[in-house]
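S.K.: Before I ask anything, here is the structure I am working with.
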Amino acid sequence: MENVVVIPAYNEGERIAAVIEKTRQFVPQIIVVDDGSQDNTPGKAQLPGVTVLRHRVNLGKGAALKTGCDYALEQDAKNIVVMDADGQHDPKEIPAFLKALKEVDIVFGRRSLPENMPTIFRFGNTFISRALKFLYGFKVHDSQCGYRAFTAEAYKKIRWDTLDYFVETEMIVKAGNAKLRHKQVPIETIYADNYKGTTVLDGMMIVGKILGGRMVK
């Protein structure tokens with residue numbers, strides 16, 4: 001298994017099949033981790049070339065991503081791309097991530113922040129990105145974008161402990177501590193009708209952990 005895409009999913013029965021169909025155009029091997037969905041997400045994800053792993057209960061994005069990436073490692077994957085199940089990440093960007101990954105250890109997506117993004121989210125993302133640069137010397141303009149790619153060796157160094165939305169931040173902290181080579185690739189900004197990503201409360205939690213010091217070793 002050369003390249004694999006890991007997609008954590010929670011109650012995405014309406015969108016997951018379309019996301020998988022688009023993704024298969026670029027990577028033949030896909031791992032969907034159903035994080036205790038209460039809808040038909042697992043059934044909709046059962047498509048050719050897709051391995052569906054299931055959590056019996058909802059554990060959180062960080063847990064789902066780790067389950068998928070651990071499985072990819074067990075299958076001898078060389079490169080892992082992680083993306084969301086709600087259609088916010090366009091699979092057509094996958095080749096750009098994999099191309100960049102030939103020169104570095106980890107690649108981060110960088111969204112163009114729309115003018116209509118709530119000020120508190122825009123400020124939070126910027127603050128977290130600057131704090132990470134100041135504390136860990138790792139410059140990432142869009143620290144909360146979940147569209148990323150990393151080599152199997154890099155995953156072993158950034159493998160996170162968090163179960164929730166702190167996963168994006170912990171990845172960066174561990175990548176900085178490990179002094180991994182990184183790049184950023186611009187991606188299109190797509191927002192679904194019902195936003196289910198990081199909330200204000202999640203943002204406050206992330207900021208609190210960062211201000212608490214270098215919590216991740």
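The values are calculated or read from the model by the stated rules, or taken from the named source; none is laboratory data. It should be emphasised that the depicted structure is a prediction, and the values quoted were computed from it without experimental measurement. Reconstructed Cβ throughout: ideal geometry from the backbone, glycine too, with neighbour counts over all protein chains shown.
S.K.: What are the pairs, 6+ residues apart or on separate chains, where a residue within the stretch 55-78 that is over 18 Å from Lys156 (Cβ atoms) has its Cβ under 6 Å from a residue that is of a type in the set (D, E, K, R) and surrounded by fewer than 19 Cβ atoms within 10 Å (Cβ to Cβ)?
M.R.: Gly60/Asp164
S.K.: Of these, Gln29, Gln46, Gln25, which one is surrounded by fewer than 16 Cβ atoms within 10 Å (Cβ to Cβ), within 24 Å of Ala100 (Cα to Cα) and either of a type outside the set (Ser, Thr, Tyr) or modelled with pLDDT under 95 (or both)?
M.R.: Gln25
S.K.: Quick check, is Thr169 polar (S, T, N, Q), under 23 Å from Val104 (Cβ atoms), surrounded by 15 or more Cβ atoms within 10 Å (Cβ to Cβ) and at pLDDT below 90?
M.R.: Here the answer is yes, as Thr169 does meet what is asked.
S.K.: Just to be sure before I move on: is Pro8 crowded, with 22+ Cβ neighbours inside 10 Å, at pLDDT 95 or above and farther than 19 Å from Glu188 by Cα in the structure I sent?
M.R.: yes
S.K.: Across the stretch 110-154, which residue is surrounded by the most Cβ atoms within 10 Å (Cβ to Cβ) among those that are of a type in the set (Asp, Glu) and at pLDDT 75 or above?
M.R.: Going through the qualifying residues, I end up with Asp142.
S.K.: Checking Cys69 against (1) in contact with a Phe, Trp or Tyr (Cβ under 7 Å, 6 or more places away or on another chain); (2) surrounded by fewer than 21 Cβ atoms within 10 Å (Cβ to Cβ), only one condition comes out false. Which one?
M.R.: Every condition holds for Cys69 apart from (2).
S.K.: If you go through the stretch 128-156, how many residues are without any contact (Cβ under 8 Å) to a residue 40 or more places away in the chain and either in contact with a helix residue (DSSP H, G or I) (Cβ under 7 Å, 6 or more places away or on another chain) or of a type outside the set (Gly, Ala, Ser) (or both)?
M.R.: Of the residues in the stretch 128-156, the ones without any contact (Cβ under 8 Å) to a residue 40 or more places away in the chain are 129-130, 133-134, 137, 139, 143.
Subsequent filtering for residues that are either in contact with a helix residue (DSSP H, G or I) (Cβ under 7 Å, 6 or more places away or on another chain) or of a type outside the set (Gly, Ala, Ser) (or both) retains 130, 133-134, 137, 139, 143.
Count: 6.
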